[in-house]
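See structure below.
The values are calculated or read from the model by the stated rules, or taken from the named source; none is laboratory data. Predicted, not measured: the structure shown is a model, and the values here were computed from it. Here the Cβ positions follow ideal geometry from the backbone for every residue, glycine too, while neighbour counts run over all protein chains shown. The protein model used for the area step is the full one, side chains on, heavy atoms only, and it has no ligands, DNA or RNA in it. Shrake-Rupley method; radii C 1.70, N 1.55, O 1.52, S 1.80 Å.
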Amino acid sequence: MLVLSQLSYTPTMTYERLLVIVALGIVQRPLIIFLKIELLRGLSKAQMGSKNMRYLKIGLFAVFFSLSGVAHAKDLASRLGVGFANQFGLTEDLPSLAMRYYPNQDYGLMGVLGIDSEKDNARFGLQAKILKLVFKEDNLNFYTGAGAGIVSREVNGRTDSGFDLSGFLGAEFFFAGLENLGLNFEAGAGVTSVSSEVRFRTIGDHPLRAGFFFYF
């Protein structure tokens, strides 16, 4: 996508080029707003059933490919992000509240808390993660990380507890018009032990699992 900020007026500029700049200034902001609306529509329709997940994918891909040219890397030093994640290794999902803080430009800390008091199927998770930024592109940050936490679940009226460990690679995207919102993708491996059961798993998480974060 051509970005208006990349163009500037000069005395030798042709009349046609000046018209292009004016036109871009008129349509750029409405286009970004339109893509935001399409993303929100995709999210709302995806909640209606798994078969409608294609709406979410269409919305996400539209934003990624259309806005990648106007995105910028973010300096997250001393910034706090608040959002959600859904990555515990229990057999059922446990949507969780999450916070992410970067004390400097290289490292980040993350805390995750998930609670579900469903009768005869209660679940709990508490996890801490450390992130290391390893590569910064114009529109995303690549990072590696590790996480460790405790989990519990209720089965047949009995509560079993254990631990959850993970190691991963990830990327966090930022877009023009959404400068404070980070969308995460992660891949790696994890192990969860609850009672006498041990579960090994590979990780491949999109933003609805790896999380969204709004940075202050």
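Quick look at the values:
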{"quantity": "Accessible area in the full protein assembly, largest first, 1.4 Å probe, for Leu126, Leu178, Leu97, Leu183", "calculated": "Leu97, Leu126, Leu178, Leu183"}
{"quantity": "Simple label model, 7 Å out from Cα along Cβ direction - Val134 to Ala122, nm", "calculated": "4.0"}
{"quantity": "Extended-chain gain in nm, criterion 0.36 nm per residue less alpha-carbon gap, Ser161 and Ala187", "calculated": "6.8 nm"}
